[in-house]
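The values are calculated or read from the model by the stated rules, or taken from the named source; none is laboratory data. Predicted model only: the values in this text are computed from it and were never measured. For neighbour counting, all protein chains shown are included, and Cβ atoms are generated from backbone atoms with ideal geometry for every residue, glycine included.
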Amino acid sequence: MRADRLLSLLLCLQSRGQMTARQLADELEVSVRTVYRDLEALGAAGVPVVASGGPGGGCRLMEGWRSPLLGISAEEATALLAVSAGGPLERIALGDALAQARLKVLAALPASGRDRTHAAAARFHIDTQAWFKPPELVPHLAELVDAVRQDRRLRITHRRRDGPATTKTVDPLGLVAKAGVWYLVARADGETRAHRASRITEAKLLVTGFTRPADFDLAAFWAEWTREFEASLDQLPVTVRLSTTGLAALPEVLDDTTSAAHATPDPEPGWHRLTLHFDSPHAACRRLLGFGPDVEVLEPPDVRAKLAQTARRTAARYP
């Protein structure tokens, strides 16, 4: 532990400049006496630590000295700091490691460019959370992380969206965070699948390990899996008429920014025809209701009838 603390102490001084012993003690969660002992140890190891007392005094490294931890440019440091700020990794065990890595990146820069790089990185922020949705609760995320990192098998109970829960033993190959949602990529019975982590109601880390496939590429698997998943959805074509107002509301109601470009003029002025795609008649009805009177379903007949019936039942609520 002391070696880790000495490195943290060195990084604090190298990245932040002069600090008082009390500030260092608070940062490292140790006593002031321990800080002074560690500073002496750094000095004995050849690190030029300078300490000055009185008002405005503190501990710092000799001007111009820095440890060659990384050979990294200011542009590379800016990119790393920007993409590593916050995000899904802060919610798992790698969050502390991420903070330490940011500190090391800053420490590797010369003092003249450190503040400028930090300020530049602060001008970029990546928010991975979807709009209007709080982060999903994943009660067993810690167990999933441990299993993935240690190549140990998991016994999980997974609640399916449209069916009963199933329990099985899996080889956890990786974790993916997409738009604030965690997925466990795991192999079982010779098949590799992605499981929504929030639906894993039980997870037990087994003592047995597994051999990770040498040719498995998590990013490549995820790209192919998402392509197939998206292709399996929205298989029901629905032909509609939309008013000009409804056409403009496509991005807001359906989060659709491309279909409007394929709309054709309707015989009635101020209206447009186009074909939209949904998972099922129920999904189509539920989502098209968001357009109110600015939509009319033309095909298929069952969706048209279902939407009309739902609209009548809705109107009956407001006599």
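In region 234-257, how many residues are outside any helix (DSSP H, G or I), of a type in the set (Asp, Glu) and more than 18 Å from Leu307 (Cα to Cα)?
Step one: of region 234-257, the residues outside any helix (DSSP H, G or I) are 234-243, 249, 255-257.
Subsequent filtering for residues that are of a type in the set (Asp, Glu) retains 234, 255-256.
Then keep just the ones that are more than 18 Å from Leu307 (Cα to Cα); that gives 255-256.
Result for region 234-257: 2.
Please name all residue pairs, on different chains or six or more residues apart, with Cβ atoms under 6 Å, provided the first residue is in region 113-125 and is hydroxyl-bearing (Ser, Thr, Tyr) and the second residue is surrounded by 12 or more Cβ atoms within 10 Å (Cβ to Cβ) and in a helix (DSSP H, G or I).
Filtered contacts from region 113-125: Thr117/Ala74; Thr117/Ala77; Thr117/Thr78.
I need the full set of residues from region 8-33 which are part of a loop (DSSP other than H, G, I, E, B) and either modelled with pLDDT of 90 or more or more than 20 Å from His118 (Cα to Cα) (or both), in order please.
Of the residues in region 8-33, the ones part of a loop (DSSP other than H, G, I, E, B) are 17-18, 20, 29-31.
Within region 8-33, Thr20, Glu29, Val30, Ser31 meet the criteria.
Do you know which residues across region 277-298 are farther than 15 Å from Thr245 by Cβ, within 31 Å of the chain's Cα centre (by Cα) and part of a helix (DSSP H, G or I)?
So the first thing to find is which residues in region 277-298 are farther than 15 Å from Thr245 by Cβ, and the list is 277-287, 289, 297-298.
Restricting the remaining residues to those that are within 31 Å of the chain's Cα centre (by Cα) gives 277-280, 282-284, 286-287.
The answer is His282, Ala283, Ala284, Arg286, Arg287.
Is it the case that some residue within region 270-289 is β-branched (Val, Ile, Thr), crowded, with 17+ Cβ neighbours inside 10 Å and closer than 27 Å to Phe229 by Cβ? Don't jump to the end; show me each part of the working.
Step one: list which residues in region 270-289 are β-branched (Val, Ile, Thr), which gives 275.
Going one step further and asking which of them are crowded, with 17+ Cβ neighbours inside 10 Å, we end up with none.
Checked region 270-289: no residue is β-branched (Val, Ile, Thr), crowded, with 17+ Cβ neighbours inside 10 Å and closer than 27 Å to Phe229 by Cβ.
Residue-wise test of (1) under 29 Å from Arg286 (Cα atoms); (2) out of contact with any Phe, Trp or Tyr (no Cβ under 7 Å at 6 or more places or on another chain); (3) outside any strand (DSSP E or B).
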{"position": "Arg187", "(1), (2), (3)": "no, yes, no"}
{"position": "Ala214", "(1), (2), (3)": "no, yes, yes"}
{"position": "Ala219", "(1), (2), (3)": "no, yes, yes"}
{"position": "Thr226", "(1), (2), (3)": "yes, yes, yes"}
{"position": "Phe229", "(1), (2), (3)": "yes, yes, yes"}
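Scan region 8-59 for residues that are closer than 16 Å to Leu103 by Cβ, among the small types (Gly, Ala, Ser) and touching a strand residue (DSSP E or B) at 6+ places or on another chain (Cβ under 7 Å) and report the count.
1
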